[in-house]
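The values are calculated or read from the model by the stated rules, or taken from the named source; none is laboratory data. Because the structure is predicted, anything quoted here is derived from the model rather than measured. Methodologically, a virtual Cβ is constructed for each residue, glycine included, from the backbone with ideal geometry; neighbour enumeration extends over all protein chains shown.
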Amino acid sequence: MPLDVNGPTKTMETNGVDMTPLNLNSTETNNSICIFGTGDFGRSLGLKLLQSGFHVIFGSRNPARANLLPKGVEVLGHAEAAQKCQLIILAIQRDHYSPFLRKLEDVLDGKVLVDVSNNLKINQYPESNAEYLAQMLPGAKVVKALNTVSAWSLQSGALDASRQVFVCSDDNAAKQKVMDIARAIGLTPQDNGSLMAANEIENYPLQLFPMWRLPIYLCAGLTVFVFLYCVINDVVYSAAILEKDTSFRLAISIPNKVFPIVSLILLALVYLPGVFAAIIQLYRGTKYSRFPNWLDRWMLCRKQLGLVALSYAFLHAIYTLVIPIRYYVRHRISTSTIAQAKKNETSTFSAVAAWRTDSYIALGILGFFFYVLLGITSLPSVSNAVNWREFRFVQSKLGYLTLVLCAGHTFVYGWNRFLNVAHFRWYMPPAYTLSLVIPCVVLILKFILIIPCIDKRITKIRQGWERRSAAQADKKFKSGNVAI
């Protein structure tokens with residue numbers, strides 16, 4: 001049958017996709033996008049869409065005053081702009097939905113409405129803004145998207161910090177269309193399912209470092225405790241008992257004790273939940289049982305704990321480097337040298353002291369090196385370049401090696417003063433002994449867990465073996481009820 005070139009254009013559908021030829025003379029084109037809202041975000045998004053080849057139409061209450069909008073966009077009244085586009089982006093706050101959108105209910109019927117709004121606080125309303133919009137306009141296809149992108153990131157063009165956007169909708173075709181537009185402007189969309197996920201998506205930008213809160217609170221608590229402990233041990237004791245003013249230690253000496261102590265404790269806390277998890281699995285005889293909530297939360301923030309610990313290790317290294325230029329240190333060295341010159345004597349060389357000093361420094365350098373290596377491999381750009389076995393080897397095997405080296409560094413520093421009561425001021429042990437309690441517990445428990453018979457049982461459990469299932473199978477076998 002010959003084609004009628006001058007006849008009416010027919011609509012074809014292939015696999016659910018509209019294959020209608022584009023009519024360039026039509027006022028409504030497939031790449032036209034309408035934006036309601038001429039604020040910072042609306043203008044930035046309009047410019048980005050315009051640069052990506054879309055025809056952008058702004059709906060405005062007063063089209064004549066749209067002088068701040070990007071050049072090249074079309075500005076119309078709300079109703080007229082909505083009529084010309086199938087997809088409308090609502091860059092307005094929830095407070096302005098009603099009665100503004102209710103007046104346009106007939107025009108918006110069947111349109112794709114993209115809700116990009118955020119609230120001022122988490123769970124501000126009983127339902128999400130997108131669900132509220134869908135209830136208000138039941139004839140529209142509501143999609144939640146683009147609320148995690150800022151106007152500044154759209155203007156800067158780099159988008160490195162906020163490239164990922166979350167998209168959800170009850171209409172799969174509308175959701176796919178919005179995801180295609182997000183890709184076209186350089187974003188990375190993630191399908192989050194139906195509008196039931198809108199509340200979670202809207203709360204996401206309002207969260208302030210959710211995975212960092214526990215590590216930071218824990219670090220702050222330990223820092224305050226260790227600092228006060230050192231102040232009492234070094235400054236208050238010296239002033240009260242020895243009648244010496246050592247308050248100058250508050251600037252460098254005491255912080256240089258606090259940083260390594262807290263760093264080592266935090267590093268041990270990174271690996272302690274894994275030990276607890278293995279013990280719980282051994283006790284239950286299965287991996288198909290949830291851990292307690294506190295342990296789940298602890299395990300989820302291990303990366304953040306490790307990075308906070310690494311930052312304290314960096315501070316310890318920097319503070320240690322300035323020790324030779326301190327007035328207190330130079331004064332002690334010069335005073336000791338002058339005293340020896342007056343007495344015409346020199347101190348004898350001690351091989352034990354030399355070994356102790358060199359071992360202490362070597363263990364510190366090696367521990368810090370592996371510490372930094374752990375931190376580098378936790379970066380997404382590095383962790384994505386290694387497979388799971390390599391990542392596990394670095395984070396687990398080398399992680400425990402780092403813990404051993406850092407604990408050894410502290411042991412050699414303390415040397416024989418751990419059990420010497422003369423160094424216990426007001427019956428308080430030296431501060432560095434506090435940093436060894438948790439690391440020693442972790443290393444002892446880990447040593448027990450890697451004993452072959454125990455390690456074999458843990459490996460079986462993590463591969464799906466269950467003690468209860470094995471016992472039931474054995475019971476059936478003994479009773480003769482096994483099918484052959």
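Which of the residues belonging to region 333-371 are of a type outside the set (Gly, Ala, Ser), surrounded by 15 or more Cβ atoms within 10 Å (Cβ to Cβ) and either more than 16 Å from Ala407 (Cα to Cα) or out of contact with any Leu (no Cβ under 6 Å at 6 or more places or on another chain) (or both)? Across region 333-371, the qualifying residues are Arg356, Tyr360, Phe368.
You will find that of Arg213, Arg183, the residue that is of a type in the set (D, E, K, R) and under 30 Å from Val262 (Cα atoms) is Arg213 and no other. When you check Glu345 against the structure, is it farther than 30 Å from Asn233 by Cβ, assigned by TED's automatic domain parsing to the domain that holds Leu443, modelled with pLDDT under 90 and assigned to a loop (DSSP other than H, G, I, E, B), yes or no? Taking the combined requirement at face value, the residue satisfies it.
Restricting the search to region 173-190, which residues are over 17 Å from Phe54 (Cβ atoms) and either aliphatic (A, V, I, L, M) or modelled with pLDDT of 95 or more (or both)? Lay out the reasoning, then the answer.
First, pick out the residues of region 173-190 that are over 17 Å from Phe54 (Cβ atoms): 173, 175, 188, 190.
The answer is Ala173, Lys175.
Would it be correct to say that Arg417 is modelled with pLDDT under 90, of a type outside the set (Gly, Ala, Ser) and part of a helix (DSSP H, G or I)?
Values: modelled with pLDDT under 90: yes; of a type outside the set (Gly, Ala, Ser): yes; part of a helix (DSSP H, G or I): no.
Judged against the criteria, Arg417 is not a match.
The residues in region 44-76 that are surrounded by fewer than 16 Cβ atoms within 10 Å (Cβ to Cβ), modelled with pLDDT of 90 or more and polar (S, T, N, Q) can be counted, and the count is 2.
Residue-level check: of (1) within 17 Å of Asp296 (Cβ to Cβ); (2) surrounded by fewer than 16 Cβ atoms within 10 Å (Cβ to Cβ), Ala278 misses just (2). Close contacts from region 196-222, counting a first residue that is under 22 Å from Val116 (Cβ atoms) and a second that is loosely packed, with under 14 Cβ neighbours inside 10 Å, with Cβ to Cβ under 7 Å and a gap of 6+ residues or different chains, come to Asn203/Ile122; Asn203/Asn123; Leu206/Lys121; Leu206/Ile122.
The single condition among (1) modelled with pLDDT of 95 or more; (2) not in a helix (DSSP H, G or I) that Val262 does not satisfy is (2).
Condition check: crowded, with 20+ Cβ neighbours inside 10 Å, in contact with a Lys or Arg (Cβ under 7 Å, 6 or more places away or on another chain) and not assigned by TED's automatic domain parsing to the domain that holds Phe259. Does Leu154 satisfy that? Spelling it out, Leu154 is indeed crowded, with 20+ Cβ neighbours inside 10 Å, in contact with a Lys or Arg (Cβ under 7 Å, 6 or more places away or on another chain) and not assigned by TED's automatic domain parsing to the domain that holds Phe259.
Quick grid of which residues meet (1) part of a helix (DSSP H, G or I); (2) at pLDDT 95 or above:
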site	(1), (2)
Leu214	yes, no
Gly221	yes, yes
Val224	yes, yes
Val235	yes, no
Asp245	no, no
Arg249	yes, no
Ile252	no, no
Val258	yes, yes
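Filtering region 285-298 down to residues that are assigned to a helix (DSSP H, G or I) and free of Cβ contacts under 8 Å to residues at least 40 places away in the same chain, which residue is surrounded by the most Cβ atoms within 10 Å (Cβ to Cβ)?
First, pick out the residues of region 285-298 that are assigned to a helix (DSSP H, G or I): 293-298.
Okay, now just the ones that are also free of Cβ contacts under 8 Å to residues at least 40 places away in the same chain, so 293-296.
Working: Asn293: 8, Trp294: 11, Leu295: 15, Asp296: 12.
In this case the residue turns out to be Leu295.
Taking each residue of region 299-328 that is under 16 Å from Thr377 (Cβ atoms) and looking for partners that are of a type in the set (S, T, N, Q) and modelled with pLDDT of 95 or more with beta-carbon atoms closer than 6 Å, six or more apart or interchain, yields Ala309/Ser263; Ala313/Ser263. Evaluate the following for Gly139: is it assigned to a loop (DSSP other than H, G, I, E, B), touching a helix residue (DSSP H, G or I) at 6+ places or on another chain (Cβ under 9 Å) and modelled with pLDDT of 90 or more? So Gly139 fits the description; yes. Could you check, for region 86-97, whether at least one of its residues is crowded, with 19+ Cβ neighbours inside 10 Å and hydroxyl-bearing (Ser, Thr, Tyr)? Scanning region 86-97 turns up no residue that is crowded, with 19+ Cβ neighbours inside 10 Å and hydroxyl-bearing (Ser, Thr, Tyr).
Results for (1) touching a Ser or Thr at 6+ places or on another chain (Cβ under 8 Å); (2) part of a helix (DSSP H, G or I); (3) more than 30 Å from Ala251 (Cα to Cα), shown as yes or no for each residue.
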residue: Ala354; (1), (2), (3): no, yes, no
residue: Ile365; (1), (2), (3): no, yes, no
residue: Leu374; (1), (2), (3): yes, yes, no
residue: Tyr400; (1), (2), (3): no, yes, yes
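Within region 406-427, residues that are within 16 Å of Pro439 (Cα to Cα) reach partners that are of a type in the set (Phe, Trp, Tyr) and assigned to a loop (DSSP other than H, G, I, E, B) with beta carbons closer than 9 Å, at six or more positions or on different chains, in the pairs Phe411/Phe418. The single residue among Ala66, Ala134, Ala91 that is among the aliphatic types (A, V, I, L, M), assigned by TED's automatic domain parsing to the domain that holds Ala198, farther than 24 Å from Gln155 by Cα and in contact (Cβ under 8 Å) with a residue 12 or more places away in the chain turns out to be Ala134.
Please verify whether Val236 is free of Cβ contacts under 8 Å to residues at least 12 places away in the same chain and of a type in the set (A, V, I, L, M), treating the condition exactly as stated. Yes.
Would you confirm, using the coordinates I've provided, whether Ala422 is surrounded by fewer than 18 Cβ atoms within 10 Å (Cβ to Cβ) and assigned to a helix (DSSP H, G or I)? So Ala422 fits the description; yes.
What do you reckon, is Tyr125 assigned to a loop (DSSP other than H, G, I, E, B), more than 17 Å from Ile33 (Cβ to Cβ) and of a type in the set (Ser, Thr, Tyr)? Lay out the reasoning, then the answer.
Details: assigned to a loop (DSSP other than H, G, I, E, B): yes; more than 17 Å from Ile33 (Cβ to Cβ): yes; of a type in the set (Ser, Thr, Tyr): yes.
Spelling it out, Tyr125 is indeed assigned to a loop (DSSP other than H, G, I, E, B), more than 17 Å from Ile33 (Cβ to Cβ) and of a type in the set (Ser, Thr, Tyr).
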